[in-house]
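Inspection log for the structure reproduced underneath, given as structure tokens.
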Amino acid sequence: MDVFLGRSKTDREGKGQSVAILNGKALLPLQRLQEWLSAAGIIEGPVFRGVGRGDRLKPEQLNAQSER
């Protein structure tokens with residue numbers, strides 16, 4: 001699985017980068033991601049989102065200003 005990081009602390013030029021995530025035998029990141037998407041009902045858009053009142057998933061992505 002390739003993950004695109006649009007911005008990071010070490011990316012001073014803001015170009016972003018693709019990072020390969022290998023599907024190891026112990027952690028199974030691909031399977032865990034699919035489980036999260038299914039449990040959260042996410043079929044498109046950002047993977048990591050905030051949670052609002054009533055434990056409802058927000059449509060926008062998490063960011064530095066997202067509440068805990």
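Throughout, read-outs are computed from the coordinates displayed, never taken from laboratory work. As the structure is a computational prediction, the values presented were derived from the model and not from experiment. All Cβ positions, even for glycine, are placed from backbone atoms using ideal geometry, and neighbour counts span all protein chains on display.
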* Asked: In percent, how large is the relative contact order of the chain, given Cα pairs closer than 8 Å and 6 or more residues apart?
  -> 18
* To do: For a quick protection proxy, order the peptides 2-13, 51-62 by their average other-Cβ count within 10 Å, most packed first.
  => 51-62, 2-13
* Over the chain: helical MRE at 222 nm, DSSP H runs n ≥ 4 each giving -39500 (n - 2.57), nearest 500 -> -5500 deg cm²/dmol
* Structure fact -> For G41, the net charge from surrounding residues (Cβ-Cβ under 15 Å; K, R +1; D, E -1) works out to 0
* Asked: For percent of Cα pairs over 20 Å apart, the listed values are (1) 56; (2) 45; (3) 23; which was obtained by calculation from the structure presented?
  -> (2)
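How far, in nm, would the chain grow between M1 and V51 when pulled straight, counting 0.36 nm per residue and subtracting the alpha carbon separation? Please report the intermediate quantities before stating the final value.
Numbers: separation 50, 0.36 × 50 = 18.00 nm, distance 2.55 nm.
My answer for the length gained is 15.4 nm.
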* To do: Of the options I43, Q65, L27, report the single residue whose Cα projects farthest towards the positive end of the charge dipole of the chain (beta-carbon charges: Lys, Arg +1; Asp, Glu -1).
  => Q65
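When the chain is fully extended, how far beyond the present Cα-Cα distance does A39 get from A64, taking 0.36 nm per residue of separation? Working shown, then result.
Details: separation 25, 0.36 × 25 = 9.00 nm, distance 2.43 nm.
Using 0.36 nm per residue and subtracting the Cα-Cα distance, I get 6.6 nm.
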